[in-house]
Amino acid sequence: MTGKYTRIGLVQKPIGIKGEVKIEVEDDFLDDLVESDHLFLRVNGSFVPWFIEELRETSYLILKLEEVDTPEKAARFTLHEIFLRTDDISSESFAQKQEQASLIGYTIVQNNEVIGVVDDVLEFPQQMMASVLVAEKQVLIPLNASFIEKIDDQHKLLFMSLPEGLLDL
């Protein structure tokens, strides 16, 4: 994520003779891209809007942008990152990840005892993990809904009920 834009994928390479490109889009964002009439490509550090002429799925995604009508023009976008405005993303899993990432700086409390402060939130294939310094050792704590008892946004407290021995790993 970059401020008001979120990276959703990557232009891989030109394909065919009409200026189309093969793209890769993260599953969480595919529906949002399909619903959108435009996207942004990062070009020389700036977010440049492009209107989508066509988006179709074969064994991979093929994108045709307006005003890009030759393989040479399409080749200019090879390996460019694809973005959507963060406000235009409606994916539930993305919203959940955003919420979990906002927990950086929160103090984890279990049984009225301070465990530590979340210094980073890391994304793993199965789940999000809070990185916390516990007794001078970095510990990863799963941000699993079944472990979270309550979140106090006003005081930046995260009340959790962690499985026995988790902090000893």
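A few comments on the model shown:
- Candidate set: the stretch 18-45, residues that are of a type in the set (D, E, K, R) and open to solvent by less than 30 Å² (accessible area, probe 1.4 Å); chosen: the one nearest to Thr58 (Cα to Cα): Glu20
- Elements of type helices (runs of 4 or more DSSP H) contained in the stretch 1-119, each with 3 or more residues being among the polar types (S, T, N, Q): 92-101
- Selection over the stretch 17-41 of residues that are within 16 Å of the chain's Cα centre (by Cα) and of a type in the set (D, E, K, R) gives a count of 6.
- Of all residues in the stretch 2-17 being of a type in the set (A, V, I, L, M) and within 15 Å of Phe83 (Cβ to Cβ), the one that is surrounded by the most Cβ atoms within 10 Å (Cβ to Cβ): Ile8
- Of all residues in the stretch 130-146, exactly one satisfies the criterion of being within 13 Å of Val118 (Cβ to Cβ) and outside any strand (DSSP E or B), namely Leu143.
- The stretch 63-91 residues that are touching a residue at least 24 places away in the same chain (Cβ under 8 Å) and farther than 22 Å from Leu30 by Cα, paired with ones that are of a type in the set (D, E, K, R) and open to solvent by 40 Å² or more (accessible area, probe 1.4 Å) (beta carbon under 9 Å, 6 or more apart): Asp69/Lys18; Thr70/Lys18; Pro71/Lys18; Lys73/Glu67; Ala75/Lys13
- Scanning the stretch 91-134 for residues that are of a type in the set (A, V, I, L, M, F, W, C), open to solvent by 40 Å² or more (accessible area, probe 1.4 Å), under 23 Å from the mean Cα position of the chain (by Cα) and modelled with pLDDT of 90 or more yields one hit, Val117.
- Residue in the stretch 149-167 that is touching a residue at least 12 places away in the same chain (Cβ under 8 Å), open to solvent by less than 50 Å² (accessible area, probe 1.4 Å) and either under 30 Å from Val48 (Cβ atoms) or part of a helix (DSSP H, G or I) (or both) present: yes
- Arg76 falls short on exactly one of the conditions (1) more than 24 Å from the chain's Cα centre (by Cα); (2) within 27 Å of Lys22 (Cα to Cα); (3) open to solvent by less than 90 Å² (accessible area, probe 1.4 Å), and that condition is (3).
- The set of residues from the stretch 34-52 being under 13 Å from Glu81 (Cβ atoms) and in contact (Cβ under 8 Å) with a residue 40 or more places away in the chain comprises Leu39, Phe40, Leu41, Arg42, Phe47.
The values are calculated or read from the model by the stated rules, or taken from the named source; none is laboratory data. These figures come from a predicted structure and were not determined experimentally. Quick reminder, even Gly has a Cβ in these numbers, built from the backbone with ideal geometry, and neighbours come from all protein chains shown. Accessible surface areas use protein heavy atoms only, side chains included; no ligands, DNA or RNA. Shrake-Rupley method; radii C 1.70, N 1.55, O 1.52, S 1.80 Å.
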